[in-house]
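Enquirer: Take a look at the following structure, please.
All of the numbers you see were taken from the coordinates with simple rules; none came from a lab. This is a predicted model, so every value here is computed, not measured. Cβ coordinates were reconstructed from backbone atoms using ideal geometry, including for glycine residues, and neighbour counts include every protein chain displayed.
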Amino acid sequence: MKILFVVADVFLSEPLGLMQLSAICKSNGWDTRLATIRRHNILNIVNIYQPDIIAYSMMSPDVQKFKAVDRAILENFQKGSAVPCRIMGGPHASYFPDILREMNLDAICIGEGDNAIVSIIERYMDDDDFSGIPNVVCRTSQDLDLKQKELIHNLDDLPFVDREIIFDAVPYYRHIQLKSFLTSRGCPYKCTYCHNSAFNKEFKGYGLICRRFSVDRVIEEIKYTQGKYPNLKLIRFGDDTFAHKVDPWLEIFADKYRKEINIPFYCLMRSNAFSDDMARLLKEAGCVSLSMSIEHGDEEIRNTILKRGISNEKVQQSFEYAHKYGIKVQANAMLGIPGTTIKDDFKTIEFIQKQKIYLPTIGIFCPFPGTELTEYAIKIGAIDDAVDFSSHYQTKSLLKSYTEHEKMLQVNMMYLGMFFVLLPKWFNTTFKLLIRIPISKVYFLVTKLFLMIRFWGLFPKMVPYNPLVILKIFFDSVSYFKTKKVK
Ligand code: B12
Ligand code: SF4
């Protein structure tokens, strides 16, 4: 049984969900391979590899790219032999199940696919229908609602993720000294722009939403990875929120990690959980950098429209703790929130400026399907029901509530803001003048260069001192950013 996974791209941060699925398939004795739309000629790979199953893992901004690839595959097979079984999982299928019909797929997976993929393949091998499999909607389903749902109850039962599938697809990644791990699944918060609130509603009543691997299981996987890839110099914990409070799990983990692993790490945190004690514990364990989002500079907007539940004071304090313990922080913020104005965007820029942030990253809100904020944007008439969010990433706002001039200002604010917020306040007049000049493409280039340099600091030791690998990463980054068109 041959399974070809297809993703839009892999770029420095590994797709852990897919790597988990690949490990599960391999542990069942099935062969897997990965192809990326940006890097590979998918049609060639399909023709050479001859997969039984094509398993798409897709995010919403990539819908058009996947549809084009899928069309090409179908046309290719119409000329010859039987079409492989085509299934899809990941965020888009989970929150926009209409994709099943739009692409006429055999099945889609909503939510976790660890058991679903095994059942799909087994049924396929038995020439059986996919109906009734938990978390799966298939071509013959009457409607797109999930009838059977499940969550993975014991994460420790999962095999270690398959890293080889990435290295086979993008060989130079083998030399990257950063590797990602998960210590948990699920997030209890209700941020309206995030998929988690929708996920939590869908799977409420099917077991614990927030689950952790045991400390020993996490340590064991890292040791195994270290043994297999001795160039492991930096760890990225990809959990949505690495820790919610200083609890026994975290204390035991911090202690064991420091004693048995002792590799610097990066993780994602939330300001409300980042107390002095938390900062000290993480620092002692080896945390060198983290991501902690601000999202909006106005407390009211942050807590009513975005439902972050974090005061300005708490945000400020958390950055001070990070600073106190020498942890570098990357902080995300969003412009163009539905129901707000361009003046509110300026508030965000000014608020970020007051914080001690190593790498501020700014984006423009994109109405992804299935989220509460998208529903709100439709309700207040800021977008139509059928907004085309595809290919929208770091491009101008899709909201009707802004004029074209305001959208241009936002794009420039997003690009230039990332480094202007690090300058003293008296640069603000220059900033306000510069964002009025319609040269977004120039600002885009300047920002990307700045980001590349700062990422280097945020992820120390990620890149080996090997000129060939450094060049490869540089050109790969340029090629990656070229695909992010400025609209
Ligand atoms: C790490 C991460 C990244 C990494 C790695 C991406 C990756 N492919 O994993 C990077 C930094 C590259 C990234 C980039 C982006 N990301 Co991102 N990312 C995440 C994050 C935080 C964690 C992903 C993860 O590891 N999850 C844990 C694993 C275990 O779960 P999983 O990946 O979902 O996989 C499971 C299921 O989905 C399913 N499954 C997945 N694929 C398949 C395929 C088949 C066939 C089957 C049966 C099942 C199946 O089974 C898996 C195991 O249970 C998620 C939030 C989240 N918690 O999911 C956002 C998230 C996926 N990202 C998101 C977005 C929007 C982006 C960006 C577009 C930029 C942005 N900031 O807005 C970019 C563009 C990516 C691109 N096209 O290149 C959105 C997607 C929303 C949507 N509707 O598509 C999410 C959900 C966050 C959010 N805003 O709510 N991201
Ligand atoms: S804290 Fe992060 S992952 Fe959790 S719901 Fe909010 S945005 Fe999503």
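Enquirer: Alpha carbon centre of segment 56-82 versus segment 131-196: separation in Å?
Expert: Spelled out, the Cα-based centre of one part sits 21 Å from the other.
Enquirer: Separate question: To the nearest 20 debye, what charge dipole does the chain have about its Cα centre, counting +1 at the Cβ of each Lys and Arg and -1 at the Cβ of each Asp and Glu? Can you show the working numbers first?
Expert: Details: 62 positive and 55 negative charges, 416 e Å.
Once rounded to the nearest 20, the dipole reads 2000 debye.
Enquirer: Could I ask something else about it? Hey, could you pull the Cα Rg and Dmax for segment 244-369, both in Å?
Expert: My reading of the Cα-based Rg and Dmax gives 15.7, 51 Å.
Enquirer: In which sequence would His175, His195 go, from the one with the fewest C-beta neighbours within 10 Å to the one with the most?
Expert: On the way: His175 17, His195 20.
Sorted ascending by nearby Cβ count, the order is His175, His195.
Enquirer: Aspartates and glutamates near Lys190 by alpha-carbon distance under 17 Å, same-chain residues fewer than 8 away left out - which ones?
Expert: Here the aspartates and glutamates satisfying the reach criterion relative to Lys190 are Glu202, Asp239, Asp240, Glu295, Glu299, Glu300, Glu372, Glu375.
Enquirer: Dipole of segment 306-351, Cα-centred, from +1 at each Lys and Arg C-beta and -1 at each Asp and Glu C-beta, to the nearest 20 debye? Please list the in-between numbers first.
Expert: Details: 7 positive and 5 negative charges, 32 e Å.
For segment 306-351, the charge dipole is close to 160 debye.
Enquirer: Write down the Å³ per residue value for the convex hull defined by the alpha carbon atoms of segment 421-471.
Expert: Numbers: hull volume 4.6 nm³, N = 51.
Convex hull volume per residue, Cα atoms: 91 Å³.
Enquirer: Can you tell me how segment 1-139 classifies by the Cα gyration tensor, rounded, prolate or oblate, using a/c under 1.5 as the rounded cut?
Expert: rounded
Enquirer: Right, something else. Quick one, can you get me the convex hull of the C-alpha atoms of segment 213-300 expressed as volume per residue in Å³?
Expert: On the way: hull volume 9.0 nm³, N = 88.
Value for segment 213-300: 102 Å³ per residue.
Enquirer: Based on alpha-carbon centroids, what's the gap between segment 1-31 and segment 219-275 in Å, whole number please?
Expert: 23 Å
Enquirer: A follow-up question, please. Using only helices, what value at 222 nm comes out for the chain when you add -39,500 (n - 2.57) per DSSP H run of length 4 or more and divide by the total residues, to the nearest 500 deg cm²/dmol? List each step's numbers first, then the result.
Expert: Values: 19 runs with 202 residues, N = 487.
Computed ellipticity for the chain at 222 nm equals -12500 deg cm²/dmol.
Enquirer: Moving to a separate point now. Could you name the aspartates and glutamates whose alpha carbon sits less than 13 Å from that of Lys204, not counting residues in the same chain fewer than 8 places away?
Expert: Glu150
Enquirer: Placing unit charges on C-beta atoms (Lys and Arg positive, Asp and Glu negative, everything else neutral), compute the dipole magnitude of segment 399-487 about its Cα centre in debye, rounded to 20. Numbers along the way, then the final one.
Expert: Numbers: 14 positive and 3 negative charges, 26 e Å.
Here segment 399-487 has a charge dipole of around 120 debye.
Enquirer: Related question: For segment 91-229, just say rounded, prolate or oblate: build the C-alpha gyration tensor, square-root its eigenvalues into a ≥ b ≥ c, call rounded for a/c under 1.5, and beyond that prolate if a/b exceeds b/c, oblate if not.
Expert: In terms of gyration-tensor shape, prolate.
Enquirer: Could you work out the Rg to Rh ratio of the chain, with Rh taken as the Kirkwood radius (inverse of the mean 1/r over all Cα pairs)? Please list the in-between numbers first.
Expert: Working: Rg = 22.5 Å, Rh = 23.8 Å.
Ratio value, two decimals: 0.95.
Enquirer: Then there's this: Along the charge dipole of the chain, which of Tyr376, Val446, Ile357 sits closest to the positive end, that is, farthest toward it, with unit charges on the beta carbon of Lys, Arg, Asp and Glu (+1, +1, -1, -1)?
Expert: Val446
Enquirer: Could you please rank Ile209, Ile108, placing first whichever residue has the fewest other Cβ atoms within 10 Å of its Cβ?
Expert: Working: Ile209 16, Ile108 32.
Taking fewest neighbouring Cβ atoms as first place, the list is Ile209, Ile108.
Enquirer: In segment 152-256, if the dipole is taken from +1 on Lys/Arg beta carbons and -1 on Asp/Glu beta carbons about the Cα centre, which of Asn200, Leu155, Ile222 is farthest to the positive end?
Expert: Asn200
Enquirer: What pairs from Lys2/Lys147; Lys65/Lys379; Lys407/Lys441 go past 18 Å between their alpha carbons? Write out the running numbers ahead of the final one.
Expert: On the way: Lys2/Lys147 28 Å; Lys65/Lys379 29 Å; Lys407/Lys441 14 Å.
With Cα atoms farther than 18 Å apart: Lys2/Lys147; Lys65/Lys379.
Enquirer: Determine, for segment 255-366, the count of lysine pairs separated by eight or more sequence positions (or lying on different chains) whose alpha-carbon distance falls under 25 Å.
Expert: Taking segment 255-366 as the scope, the lysine pair count is 29.
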